[in-house]
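Written out below as structure tokens is the structure these notes cover.
Please treat every number below as a calculation from the coordinates, not as lab data. Predicted model, so just to flag it, every value in this text is computed and none were measured. Counting neighbours? That spans all protein chains shown, and the Cβs are built from the backbone with ideal geometry, glycine included.
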Amino acid sequence: MTLGVLPYVLALVLTFIGLYVVVAKKNIIKIILGVIMLEHAVNLFLLLLGYRSGGTAPIRSPGDTVSAEAFAAGSVDPLPQALILTSIVIGLGCLALMVSLALRLHEKFGTFDMTRIRELRG
Amino acid sequence: MDPILWPLLALLAFMIIGSLIAAEAEDLLSSVVCVGAVGAGLAIINLLLGAPDLAITQVVVEVLCVVVLIRVVLTRRHETQQTQKDTLAVGSVLLVLGVLLAVSTWAMTTLHPFGQPLLAGDRPGVAYQYLTRGLAETGAANHVTAVLLDYRAYDTLGEATVIFVSIMGAYAILRRKGRIHHAPGNEPDR
Amino acid sequence: MPPGMSPIVRTVARLVTGFITMYGIYVVLYGHVSPGGGFAGGAILAAGFILLLLAFGKVRTEQIVSHRMAIAWDSGGALAFLAVAALGYVAGSFFLNFLALGEPYRLVSAGTLPLSNASIGAKVGAGLFGVFLALSVFRPAGDREDET
Amino acid sequence: MNDWLPLFVIIPLGVGFIAPLGSLRGPRAGGNRIPALALLTGLLLLGGSLAWLGREAAVYWIGGWPSRGSPTVGLSLVCDGLSQMLLVTINAIAFISLLYSWSYVRRYSGQPLYYSLFMIMLAGMNAVVLSGDVFNVFVFMEVAVIASYALVAFGTERPELEAAFKYVVLGSVSSLFVLLGIGLLYNLTGQLNMALIAEHLTGLPPTPAVWLAAGCFIMGFGLKAAMVPFHAWLPDAHPSAPAPISAMLSGVLIKAVGVYVVCRLMFSVFGMASPTGAAYANVLIVLGALSMLIGVLLAVGQWDFKRLLAYHSISQMGYVVLAVGVGAAVLAAEGSPSVAALAIFGGLFHMVNHAAFKSLLFLCSGSAEYTCGTRDLHELGGLKGVMPMTSGCCRVAALSIAGVPPFNGFWSKLIIVVALALAGYWGLAALAAVVSFMTLLSFIKVQRYVLEGDIPPRLSTVGEVPVPMRVAMAGLAIACLLLGVLVPLHKGVLIEPATTALTEGQTYAVRFRPAEPVDEVYVTVVETAGRVEP
């Protein structure tokens, strides 16, 4: 039934909006924003994969003495969360590089417009 | 249906609208702010779907990204006069992306539906082992940290290296002079 | 007008930075018990230092955390994490959790996890602050300050 | 010996973390200590990888998890024939590039940063080749690729910055598609270990979601391997990098992070025997043939030495992907296994040869740029008299890539063309021969304008490059010759195990899954290849 897959489809729509911005826009900052949007969309997709209806965070509080199996039956999947943490960090790393490049490009070419930069490349 | 489905769909709609505004906004600063809003929406969805670690990390990283981008854009946004929009290229890009979106949506219908992942089924994958044996074998109450730093610690070594490399890369790109002295005829631009 | 922002921002920054740093250290060290961990806590620490940098400008912040210190802590944190992994390698197989697990829900439990969290927290905190320091050379007004 | 595997990653990472500390004590204090340390590490890794050649497949479980009685929760390092071959190629080219950059990088500021990024890129590539877990491959691919972004922009001049920005954006987009593919696989199989995913995929019907996952992987890793529809970044990125980095990028990075992962996923995880195997094989064939043809067509008209080499990289990688694709098609159609093995053998052999002669060509172009200061073929000329060693090595490399008999390029191209013909793809065999001829023309042009002819007045005072650069180039030239002449000697040790690793396809799942404890229902690992009934 398609309603069950609706959140995945909306995450996919976000992915393609980000892809559109990266492909169609000419301004460096817009391209960087497109990559950030793409990262948000893929992280969201991984998050939706791990959810279990009625699930709680996979963290045991000192108070509960429920058995391991019962805890496992009630909690959300921790593995996609670990993947997303790694993906957020990788996204931050790429952003740091892109912003550094954008600043140096602006310093050397004086503009953020990729078409003018490609002409002036020399 | 699932109690959290309607708030989730509302937040997803908010994120999609935010992304569209960020894509089409003329002024760079408003685009940056819109992307910040999309990130904040994602942080709230993290809380909704039971991922507090991610919510903290997402919020703080989002704040840092938006601060960096605003500093970059603050004084350099006067050059946003759009070069003439060649509608043919934009149209063809939209067409291709539309076809790809349709095909992937059709392919996604065969996934396990939202809310009933493999973990909830009778043959759970590796995540069931992490949940049942996490506290006993690693002693960590936070199973996400148990996965990150004990079961799959090698991944986290890679991750720490990613941060290290991107920072050293940023230093390398931002240093004052690239080449010290040049071969004859290969002078720097200015 | 001294570099950085208005006096109001500077006084608020002076008040808040202590709490932000304390909260960051808490999130790093209690990563294996409560939500958080090396990356979240490190990012919070970096946010605290960046607040200082924005409020007081580059020169004053350099006296507190200099660029060279940021690189040293970054490499040091990375080497510490690799050392924890190498000790595990010596004690059996790579990344083995060789310390005693202790009783759960306490600070000193889960073997090497708090050590790994601390080293990653230091690394991410110093690293992000270092990048922001390097980026801040391009002042908002667009003219280039003296090179660090 | 088995637990040496993590050292291939720990040692370069350790050196990579230590190197920036050298820049703390003032710009000149580092001196020769860091380059010497890096060179020593490169030599150590090369020796270790050579010692690993010819051993049977090994698995190393990280964190000691399976031995503690719990089934598959940890990460594994897998070193079978294919990984051993790539390990040797990566570490050999890395050692020679380090030797070359000993004097080449003195022209750049920030030497400690250069060696730190170089060693971490090397560690990332070693880790990708050794890893047995899909997400682990993704993370260490990111490590290697982010290091290469910064190294491409190391010269911080106008063209380098613009090329590096395009490379970062396209690289980030392709990595996110890989992550999408991993998410899809996790939803379907609940596993991340490649062996277990393969095992679960055999049980699953070929639903569209599996095709979407495979499509995401091909798109993501295809861009890293510069296959045609996604090759736009390579002709800008590789020429603008410093010469030893161009050698590493073209010689090894697009193989270890691109073609190797595509082969591993297509053969071992998604499997050729499944009904969809034929579809995957045909996709590879189409991509390979397109890359081969378009790469050489674009290269013929080039007058910038390094851009010409970059386009040829795309074309030569097209050969590798085409040969492996044809081998996969024969396997999928249950054709004669010997023809499939021959095609895959040709493809992998050409991958190793390409690593050797393309790196040498980039190093020679770097030497020409080091002394004459220009990359434009019009302004070069007559280097034969002035730079004898560089010209000799350049000639050897040009003859190898063009496929002239005594050198290695000829043998691998010959095997590929023969395999294509035997497999019944006559059209593609003819295409491969035509492309090889056009490559020959292109490199006759290169030799004519760079080596022959009279020296332009401006370059008359040009001398030979410093000694470390000459030794590095000579080493690669000898490797090109030996790889070609001693084929019967080294094929049994180097290429054959890699071919069998691929032709055995999904038995990868049986061989590299950990031994389950007896009380569990799973069967223990059996060496013989066979279908696993869970």
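General observations
- Checking the Cα-Cα distances for A:Lys30/B:Lys177; B:Lys177/D:Lys358; A:Lys108/D:Lys306; D:Lys413/D:Lys491 against a 20 Å cut-off, the pairs over it are A:Lys30/B:Lys177; B:Lys177/D:Lys358; A:Lys108/D:Lys306.
- Normalised by 2.2 N^0.38 Å, with N the number of residues, the alpha-carbon radius of gyration of chain B equals 1.43.
- Shape call, segment C:7-135: gyration tensor on alpha carbons, a/c limit 1.5: oblate
- Value of relative contact order over chain D, rounded to a whole percent, pairs C-alpha under 8 Å and six or more apart: 17
- Residues within the reach of a label modelled at D:Leu40 (point 7 angstrom out along Cα to beta-carbon, backbone nitrogen below 18 Å), restricted to segment D:117-135, are D:119-120.
- Computed over segment D:227-341, the alpha-carbon pair-distance distribution with 5 angstrom bins reads 2, 12, 20, 21, 16, 11, 8, 5, 2, 0, each value a whole percent.
- Other residues whose C-beta falls under 14 angstrom from the C-beta of C:Lys123 contribute a net charge of -2, scoring Lys and Arg +1 and Asp and Glu -1.
- Cα-centred dipole magnitude for segment C:7-135, charges only on beta-carbon of K, R (+1) and D, E (-1), debye, nearest 20: 380
- Here the calculated FRET efficiency for B:Ala10 and A:Arg116, from their Cβ-Cβ distance with R0 = 35 Å, stands at 0.25, rounded to the nearest 0.05.
- For A:Arg52, nonlocal amide neighbours, meaning residues 5 or more places apart or on other chains whose placed amide H falls under 5 Å from its own, are A:Asp77.
- Ordered by the number of other Cβ atoms lying within 10 Å of each residue's own Cβ, fewest first, D:Met438, D:Met473 fall into the sequence D:Met438, D:Met473.
- Label point distance in nm, B:Asp2-B:Gln116, each placed 7 Å from Cα along Cα→Cβ: 1.2
- Using the Cβ-Cβ distance between C:Ala72 and D:Asn2 with R0 set to 51 Å, the FRET efficiency from 1/(1 + (r/R0)^6) comes to roughly 0.90.
- Given charges at Cβ of Lys, Arg, Asp, Glu: segment B:1-77 dipole, positive-most of B:Leu11, B:Leu47, B:Val33: B:Val33
- Segment A:1-32 versus segment D:170-209: alpha-carbon centroid distance in Å: 20
- Its residue count N sets the reference 2.2 N^0.38 Å, and the alpha-carbon radius of gyration of chain A equals 1.50 times that reference.
- Only helices enter this figure: runs of n ≥ 4 DSSP H residues, each worth -39500 (n - 2.57), summed and divided by the residues of the protein assembly as shown, yield -22500 deg cm²/dmol at 222 nm to the nearest 500.
- Relative to its Kirkwood radius, the Cα radius of gyration of segment D:288-485 gives an Rg/Rh of 1.03.
- Relative to its residue count, the protein assembly as shown spans a Cα convex hull of 154 Å³ per residue.
- Kirkwood analysis of segment D:62-188, using all unique Cα-Cα pairs, places the hydrodynamic radius at 16.8 Å.
- Helix axis angle, D:388-402 relative to chain D longest principal axis, alpha carbon, degrees: 40
- Our summary gives chain A a relative contact order of 26 percent, counting only alpha carbon pairs under 8 angstrom and 6 or more residues apart.
- Kirkwood radius and radius of gyration were both taken over the C-alpha atoms of segment D:193-288, and their ratio Rg/Rh is 1.06.
- Cα-based Rg of chain D normalised by 2.2 N^0.38 Å, two decimals: 0.94
- With a 10 Å cut-off around each Cβ of D:194-206, the average count of Cβ atoms from other chains is 1.
- Over all other residues within a Cβ to Cβ distance under 10 Å of D:Val139, the charged ones net out to -3, with Lys and Arg as +1 and Asp and Glu as -1.
- What the phi angles of segment B:48-53 give under the Karplus curve with 6.51, -1.76 and 1.60, with θ = phi - 60°, is a coupling list of 4, 8, x, 9, x, 3 Hz, glycine and proline written as x.
- In a simple Cβ point-charge model (Lys, Arg +1; Asp, Glu -1; nothing else charged), the protein assembly as shown has a dipole of about 2480 debye relative to its Cα centre.
- The angle between the Cα long axis of helix D:408-422 and the main principal axis of chain D comes to about 40°, on a 0 to 90 degree scale.
- Span from the segment C:55-85 Cα centroid across to the segment B:1-48 one, whole angstrom: 34
- For segment B:1-77, the Rg and Dmax computed from alpha carbons only, in angstrom: 13.9, 49
- With respect to chain B, whose longest principal axis is taken over its alpha-carbon atoms, helix B:5-24 is tilted by about 10°.
- Applied to segment B:108-116, the Karplus parametrisation 6.51 cos²θ - 1.76 cosθ + 1.60 on θ = phi - 60° returns per-residue 3J(HN,Hα) values of 6, 5, 8, 7, 5, x, 4, x, 10 Hz, with x for Gly and Pro.
- Backbone N under 11 Å from the D:Val487 label point (7 Å along Cα→Cβ), restricted to segment D:395-417: D:405-417
- Where only C-alpha atoms are counted, convex hull volume of segment B:126-177 per residue in Å³: 74
- Computed 3J(HN,Hα) for segment C:101-115, one whole-Hz value per residue from the Karplus formula 6.51 cos²θ - 1.76 cosθ + 1.60 where θ = phi - 60°, is 6, x, 8, x, 6, 9, 5, 8, 9, 6, x, 7, 4, x, 5, glycine and proline marked x.
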